[in-house]
Amino acid sequence: MALELIGLSKIFPKQDSSAAIHVLNDIHCRVKEGTFVSIIGPSGCGKTTLLRIIAGLEKPSSGRVLLDGRIINHETDRIGLVFQQYALFPWFTTLQNIQLGMEIMGVPKKERFEAAMAYIHRFGLSGFENRYPRELSGGMQQRAAIARTLITEPKVTLMDEPFGSLDSQTRNSMQEFLLGIWREKKEMVLFVTHNVDEAVFLSDKILVLSRRPAKIVKEVNVECVRPRDRTSPDCNWVRKEVLNCLAYENKIIMT
């Protein structure tokens, strides 16, 4: 299975006195099954818009998104999306939030309860299944949000800066946690981040986007051995490669 982005462009039309905004420009990419890909680029370049198009929340102005060589059917091809701000319903408990996707899919109550409890145990949330989001730490809320997405067994998992609001220590812990889940399930992940270290630590490949209208200016293969030492020479080389691309794009923005 592969996800293909073919000539994707996005232009938000003119609004009142505001000019049209050209966000994405002729994006081409192919992501193989089981691959962890990070997307990084200057602030406001359209990374989130790209994920929203893949998820079916936005329509491209031109181009196509293919899964297994055919146009994605968002009613039958499950595409999971994890947001930065957790997006847990505050009036639902941890158990209810994690079950939600399966409930919408019409999975019987007993089956979804058993599946949710298995995820609660696997995700280190045992004892908090009847707690509300306000009673959980940031890391626990994000684990619940990831569990709610993965329990539906998506073909593609999209993550929009899921650890951006966490402190450094919790963020590192969540990166390790996510890698453990990914190694176990080997699903396709597209992960938006502003953090170069995070991208290098997590990814098989890093897509570096240009300033808006964004195009892919470099695909960096991360061939560092797993488990990775964040400070190894190999990781530092990849980090430098990505930073050099970003420095060039940010220089253009500033001039």
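Residue count for the stretch 47-90 under the criterion of being on the phi > 0 side of the Ramachandran plot and either surrounded by fewer than 17 Cβ atoms within 10 Å (Cβ to Cβ) or touching a strand residue (DSSP E or B) at 6+ places or on another chain (Cβ under 7 Å) (or both): the result is 5. Answer with yes or no whether ARG212 is touching a residue at least 40 places away in the same chain (Cβ under 8 Å), among the basic types (Lys, Arg) and closer than 30 Å to ALA20 by Cβ. Yes; evaluated as a whole, the condition is true for this residue.
Quick grid of which residues meet (1) in contact (Cβ under 8 Å) with a residue 40 or more places away in the chain; (2) under 30 Å from ASN195 (Cβ atoms); (3) not in a loop (DSSP other than H, G, I, E, B):
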position	(1), (2), (3)
PHE92	yes, yes, no
LEU95	no, no, yes
MET102	yes, no, yes
ALA116	no, no, yes
ILE120	no, yes, yes
ARG131	no, yes, no
MET159	yes, yes, yes
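Of all residues in the stretch 144-174, those being farther than 27 Å from LEU67 by Cβ and among the basic types (Lys, Arg) number 1.
Among the residues of the stretch 129-188, those identified as of a type in the set (Phe, Trp, Tyr) and either in the same structural domain as ILE72 (by TED's automatic domain parsing) or within 16 Å of the chain's Cα centre (by Cα) (or both) are PHE163, PHE177, TRP182.
Of all residues assigned to the stretch 96-119, at least one qualifies as being within 25 Å of PRO227 (Cα to Cα) and either touching a helix residue (DSSP H, G or I) at 6+ places or on another chain (Cβ under 6 Å) or not hydroxyl-bearing (Ser, Thr, Tyr) (or both). Among the residues in the stretch 67-79, are any farther than 20 Å from LYS155 by Cβ, in contact with an Asp or Glu (Cβ under 9 Å, 6 or more places away or on another chain) and among the basic types (Lys, Arg)? No; the residues of the stretch 67-79 include none that is farther than 20 Å from LYS155 by Cβ, in contact with an Asp or Glu (Cβ under 9 Å, 6 or more places away or on another chain) and among the basic types (Lys, Arg).
Contact annotation: residue pairs with Cβ atoms under 8 Å, 6 or more positions apart or on different chains, pairing a residue in the stretch 61-73 that is in the same structural domain as GLU187 (by TED's automatic domain parsing) and free of Cβ contacts under 8 Å to residues at least 24 places away in the same chain with a partner that is assigned to a strand (DSSP E or B) and surrounded by 10 or more Cβ atoms within 10 Å (Cβ to Cβ), are ILE71/ARG64; ILE71/VAL65; ILE72/VAL65; ILE72/LEU66; ILE72/ILE79.
In this structure, is VAL156 of a type in the set (Val, Ile, Thr), modelled with pLDDT of 95 or more and crowded, with 18+ Cβ neighbours inside 10 Å? No: the conditions fail for VAL156. With respect to the stated conditions, SER18 fails to be farther than 30 Å from GLU198 by Cα, surrounded by 13 or more Cβ atoms within 10 Å (Cβ to Cβ) and assigned by TED's automatic domain parsing to the domain that holds LYS205. Among residues of the stretch 186-204 that are closer than 21 Å to GLY80 by Cα, those with a Cβ under 8 angstrom from a residue that is in a strand (DSSP E or B) and charged (D, E, K, R), sequence gap 6+ or separate chain, pair up as MET188/LYS32; VAL192/ASP160.
Across the stretch 214-228, not a single residue is classified as under 15 Å from the mean Cα position of the chain (by Cα) and small (Gly, Ala, Ser).
Here is the figure for the stretch 31-57: residues that are assigned to a strand (DSSP E or B), modelled with pLDDT of 95 or more and not β-branched (Val, Ile, Thr) total 2.
Of the residues screened, THR170 is not one that is more than 21 Å from TYR119 (Cβ to Cβ) and polar (S, T, N, Q).
The values are calculated or read from the model by the stated rules, or taken from the named source; none is laboratory data. Remember, predicted model here, so these are calculated numbers, not experimental data. Cβ sites come from the backbone with ideal geometry, for glycine too, and all protein chains shown count toward neighbours.
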